[in-house]
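Have a look at the structure below before the remarks.
The values are calculated or read from the model by the stated rules, or taken from the named source; none is laboratory data. In this text the structure is predicted, and so the values were computed from the model without any measurement. So basically every Cβ, Gly included, is an ideal-geometry build from the backbone, and we count neighbours across all protein chains shown. All accessible areas refer to the heavy atoms of the entire protein, side chains included, with ligands and DNA or RNA removed. Shrake-Rupley method; radii C 1.70, N 1.55, O 1.52, S 1.80 Å.
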Amino acid sequence: YAAKSGRKGVHVYVPDPDGGSGDRLRTMEELRTALDGDELAVHLQPQVAFPDGRVVGAEALVRWHHPVRGLLSPAELLPAAEQAGLLRLLAERVLDLALDAAARWWEHRPVPVSVNLSAADVTDLELPGKVAAALRRHGLPAHALTLELVEDTLMADPDRGRSVLGELRRLGVRTSIDDYGTGYSSLAYLRYMPADELKLDRSLTADVAEDPRAAAIVEHTVALAHALGLRLVAEGVEDDRTAGVLDALGCDVAQGFGIARPMPVPDFLAWLAAPRPAPAGAASQRDR
Ligand code: C2E
Ligand code: MG
Ligand code: MG
Ligand code: MG
């Protein structure tokens, strides 16, 4: 994107006059194509209960197998989808992929699948109907699905968001507050958000083994979640030591690279079928 002008051997980099917007347009076009074809996929990351490591969920994370650029993450895909006004279509696609995967294990292992929603989805009054239809299509009950929202998702239109979420919960779908602790008004939000689960952000869980302040915040949040009847999931659990401390602090569920990385559907099915030890050896041997 840079033009070189070699005056006196000094290279001056001149920015592309398009400022990279050409790239963006191309990506948006390609995304439209991808949504019609089979370039989108979900990877699944297990969620396991403390202390025994029982699998209690799987989060579906969108991936884009781009024909030229290879495997793209949500960080690359989501902004393009937002700009192209394709977030709702993307959500329908991801929901379909996630439920299609869950239908492959549900009969013998009733482990629910979690799907992430964006603000565009939660203000979609047709979302509950779309979700109900997707569940029917895949022959799954509503409790096979959990919908994750980050705190700020509801802020744009809290009334409408609450009513959409309320309707989803009446169907029997579970809702989860994602990345908890990173938003601006976490506590006020907790009071009104209809939810079943709180996912404590990695920035708060990662250092619990070294940082007593982080541990105090986690312990406090566990108590708060339980007082509100919410299950607490610790995100970003990367090692056994951290898992042990999170278990001791009362967290209900762990998710993170230390348990397993997000993986393609066939790998997840194999992972689910394989026997394995509890996530944090030490903690699971502790008396409870
Ligand atoms: P999230 O919902 O909080 O998902 C967890 C993210 O943390 C995932 O990144 C996952 O790969 C990563 N992660 C899991 N365990 C660990 C760990 O132990 N250490 C570290 N460093 N990272 C870990 P990913 O897949 O890149 O997704 C990023 C975000 O993109 C998600 O954060 C979610 O907000 C969003 N996202 C993903 N899929 C979708 C989707 O289908 N729709 C929407 N609207 N958003 C999505
Ligand atoms: Mg999530
Ligand atoms: Mg999260
Ligand atoms: Mg997070």
Filter segment 38-70 for residues that are free of Cβ contacts under 8 Å to residues at least 60 places away in the same chain, in contact with a strand residue (DSSP E or B) (Cβ under 8 Å, 6 or more places away or on another chain) and among the β-branched types (Val, Ile, Thr) and give the result.
62
Only one of (1) at pLDDT 95 or above; (2) within 16 Å of ligand 4 (Cβ to nearest atom) fails for residue 118. Which number is that?
(1)
Among what's in segment 121-160 and is within 18 Å of residue 233 (Cα to Cα) and open to solvent by 30 Å² or more (accessible area, probe 1.4 Å), pick the residue that is farthest from ligand 2 (Cβ to nearest atom).
143
Name the single residue that is nearest to residue 144 (Cα to Cα) among those in segment 87-111 being open to solvent by 60 Å² or more (accessible area, probe 1.4 Å) and part of a loop (DSSP other than H, G, I, E, B).
110
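Residue-by-condition table, conditions (1) more than 16 Å from ligand 2 (Cβ to nearest atom); (2) among the hydrophobic types (A, V, I, L, M, F, W, C); (3) under 26 Å from residue 42 (Cβ atoms):
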{"position": "194", "(1), (2), (3)": "yes, no, yes"}
{"position": "197", "(1), (2), (3)": "no, no, yes"}
{"position": "233", "(1), (2), (3)": "no, yes, yes"}
{"position": "259", "(1), (2), (3)": "no, yes, yes"}
Candidates 158, 212, filtered to the one that is more than 16 Å from ligand 1 (Cβ to nearest atom) and within 20 Å of residue 117 (Cβ to Cβ)
158
Report whether or not residue 165 is closer than 15 Å to residue 194 by Cβ and within 16 Å of ligand 1 (Cβ to nearest atom).
yes
Criterion (within 14 Å of ligand 1 (Cβ to nearest atom), among the hydroxyl-bearing types (Ser, Thr, Tyr) and open to solvent by 10 Å² or more (accessible area, probe 1.4 Å)) met by exactly one of 118, 114:
118
